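Undergrad: The structure's right below; bear with me while I get my questions together.
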Amino acid sequence: MKKIAVYCGAYAGKNPVYEKMTLTVSHWLVNQGYDLVYGGGSVGLMGILAKTVLADGGRVYGFMPQNLYLRGTALNNLTSLTIVDNMAIRKQKMLAAADVCLALPGGAGTLEEISEAYSWARIGDNSAPCILYNANGYYNLLEKFFKQMVVEGFLSTEHFQKLCFAKDLTQAAKFIADYTPPEIRKYP
């Protein structure tokens, strides 16, 4: 069984397209044979994602920091819920458990988590492909910014190609199937 870490919003967003997108991804995960690894929450796109995967008969592994767990944000009936001391440990545990990293729309936390997973891939600490699900153009500006990193010489073209801005799940699946981790930079 493969595991995919999905990073997404603790809010559902204003546009109903994001909830619909999350439902589509949830069904796709189960149909592709993926177990879900996520932040353990019951709210926003995270809650929609996990509840749908469970309803479809999938397995869901949540990782949640103690402070959020004490606020009552955890989803009940998960396959497994691991409570950790803080967000840094949560991110490490999720990444260690995942074969693929996928970001749906979300806020600063979502962006930070997928950026860290991608950054770790570039230094050899994460062998999982990193994908931003860009349906509805949510990540267009971020993709433009990453291209600017290449133009300005802060990111190589080769490493940029190791990050996928997928317009649909067919593109995401192809990226996963064809993925090889980036070559680790050699320093003089």
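The values are calculated or read from the model by the stated rules, or taken from the named source; none is laboratory data. Being a predicted model, the structure only gives us computed values, none of them experimental. Glycine gets a Cβ as well: all are built from the backbone with ideal geometry, and neighbour counts include every protein chain shown. Surface accessibility is based on the protein's heavy atoms, side chains included, excluding ligands, DNA and RNA. Shrake-Rupley method; radii C 1.70, N 1.55, O 1.52, S 1.80 Å.
Undergrad: Working only within the range 11-35, note down all residues that are part of a strand (DSSP E or B) and either in contact with a His (Cβ under 6 Å, 6 or more places away or on another chain) or of a type in the set (Ser, Thr, Tyr) (or both).
TA: Tyr34
Undergrad: The conditions are (1) more than 14 Å from Lys3 (Cα to Cα); (2) touching a helix residue (DSSP H, G or I) at 6+ places or on another chain (Cβ under 9 Å); (3) not in a helix (DSSP H, G or I), and Lys51 fails exactly one of them. Which is it?
TA: Checking Lys51 against (1) more than 14 Å from Lys3 (Cα to Cα); (2) touching a helix residue (DSSP H, G or I) at 6+ places or on another chain (Cβ under 9 Å); (3) not in a helix (DSSP H, G or I), the one that fails is (3).
Undergrad: Looking at the range 71-84, I want the residues that are touching a residue at least 12 places away in the same chain (Cβ under 8 Å) and have a partner that is part of a loop (DSSP other than H, G, I, E, B) and open to solvent by 70 Å² or more (accessible area, probe 1.4 Å) with Cβ atoms under 8 Å, at least 6 apart or on another chain. Which pairs are those?
TA: Thr79/Arg59
Undergrad: Do any residues in the range 1-23 that are farther than 19 Å from Asp56 by Cα have Cβ atoms under 6 Å from those of residues that are open to solvent by less than 50 Å² (accessible area, probe 1.4 Å) and assigned to a strand (DSSP E or B), where the two are at least six apart or on different chains, and which pairs are they?
TA: Partner pairs satisfying both residue conditions: Tyr7/Ala103; Ala10/Gly41.
Undergrad: So, one more: Run Arg122 past the list (1) touching a His at 6+ places or on another chain (Cβ under 7 Å); (2) closer than 18 Å to Lys20 by Cβ and report the number of the one that doesn't hold.
TA: (2)
Undergrad: What number of residues in the range 110-133 are open to solvent by 10 Å² or more (accessible area, probe 1.4 Å), more than 14 Å from Phe160 (Cα to Cα) and at pLDDT 95 or above?
TA: 5
Undergrad: In the range 136-176, what residues are hydrophobic (A, V, I, L, M, F, W, C), in contact with a Phe, Trp or Tyr (Cβ under 9 Å, 6 or more places away or on another chain) and in contact (Cβ under 8 Å) with a residue 40 or more places away in the chain?
TA: If the condition is that a residue be hydrophobic (A, V, I, L, M, F, W, C), in contact with a Phe, Trp or Tyr (Cβ under 9 Å, 6 or more places away or on another chain) and in contact (Cβ under 8 Å) with a residue 40 or more places away in the chain, then Leu163, Leu169, Ala172, Ala173 are the ones that fit.
Undergrad: Check off (1) more than 12 Å from the chain's Cα centre (by Cα); (2) within 19 Å of Gly44 (Cα to Cα); (3) open to solvent by 30 Å² or more (accessible area, probe 1.4 Å) for Ala74 and give me the number that stays unchecked.
TA: Result: Ala74 fails condition (3) only.
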